[in-house]
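What follows is a short report on a single structure.
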Amino acid sequence: MEGWSLYDQAGHRKYLTGDERRAFLRAARKQVPEVHTFCRVLCETGCRVSEALALMVDQVDLDARMIVFESLKKRRSGVHRAVPVSEAMLTALDDAHGIAAALAAGTSSARLWPWCRMTGYRRVKEVMEVAGIVGPHATPKGLRHGFAIAALEKGVPLHLVQKWLGHASLATTAIYGDAVGAEERKIASRLWQ
């Protein structure tokens, strides 16, 4: 991760702002339920496209209000992480995918989204377009980066953001602290008075 930055070589940011994340979610709500829930999971958990596409029904824990992702960028399989999610997201997932019914029927080994990675990527790009979001940040990775920055701006401890993103190193997660957030803007505004 050395040399990695939140900005591309031209100085454009690679992450979505809070306003862009909200616009993305508004646009996602207008899509079919499967696309809406896919986009919402990416935006509200910071998971990778491949991790979302690998999700099985039984990895959505309705009681604990968590989604359990297999961390696919680890050197070995079977490394999982639990990310807390809102009641509203769980309701949307259950409504679209019949989670509770599948768990009760014992048919919980089905994938939530039976798409390939490129289809998932295209769905996100289509919703970005509807939301009017363009640029190098209008990608699934931009959602992941935006999630991390939003979490830190809201005061979530760095070690929890690290856990939720599945980073092996805290130093990797700390890069997100370099984004100009509300707190930094507030301090800088003292100079303008």
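The values are calculated or read from the model by the stated rules, or taken from the named source; none is laboratory data. Please read these numbers as outputs of a predicted model, since none were measured by experiment. As a convention, Cβ positions derive from the backbone with ideal geometry for all residues, glycine included, and neighbour counts pool all protein chains shown.
Being at pLDDT 95 or above and in a loop (DSSP other than H, G, I, E, B): is that true of V130 here? No.
Within the stretch 37-73, the set of residues being closer than 16 Å to L143 by Cα and more than 13 Å from the chain's Cα centre (by Cα) is empty. Selection within the stretch 1-34: residues that are among the basic types (K, R) and at pLDDT 95 or above. The member of this set that is surrounded by the most Cβ atoms within 10 Å (Cβ to Cβ) is R21. Taken over the stretch 144-178, the residue count meeting the criterion of being in a loop (DSSP other than H, G, I, E, B), among the small types (G, A, S) and closer than 20 Å to V68 by Cβ is 2.
Of all the criteria given as (1) crowded, with 17+ Cβ neighbours inside 10 Å; (2) without any contact (Cβ under 8 Å) to a residue 60 or more places away in the chain, the one not satisfied by D63 is (1). Total residues in the stretch 67-110 satisfying the condition of being out of contact with any Gly (no Cβ under 7 Å at 6 or more places or on another chain), among the polar types (S, T, N, Q) and modelled with pLDDT under 95: the figure is 4.
When the test is whether a residue is at pLDDT below 95, more than 17 Å from D61 (Cα to Cα) and in contact with a helix residue (DSSP H, G or I) (Cβ under 7 Å, 6 or more places away or on another chain), G177 passes it.
Table: residues versus (1) among the hydrophobic types (A, V, I, L, M, F, W, C); (2) surrounded by 15 or more Cβ atoms within 10 Å (Cβ to Cβ).
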| position | (1), (2) |
| --- | --- |
| E51 | no, yes |
| M56 | yes, no |
| Q59 | no, yes |
| G78 | no, no |
| M89 | yes, yes |
| D94 | no, yes |
| H97 | no, yes |
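The lone criterion from (1) at pLDDT below 90; (2) within 13 Å of the chain's Cα centre (by Cα) left unmet by V124 is number (1). Residues that are surrounded by 16 or more Cβ atoms within 10 Å (Cβ to Cβ), free of Cβ contacts under 8 Å to residues at least 24 places away in the same chain and of a type outside the set (D, E) within the stretch 66-76 comprise just one, M66. Is it true that T37 is modelled with pLDDT of 95 or more, surrounded by 20 or more Cβ atoms within 10 Å (Cβ to Cβ), within 20 Å of F147 (Cα to Cα) and in contact with a strand residue (DSSP E or B) (Cβ under 7 Å, 6 or more places away or on another chain)? No; evaluated as a whole, the condition is false for this residue. Only one entry in A110, A150 is buried (at least 19 other Cβ atoms within 10 Å of the Cβ) and among the small types (G, A, S), namely A150.
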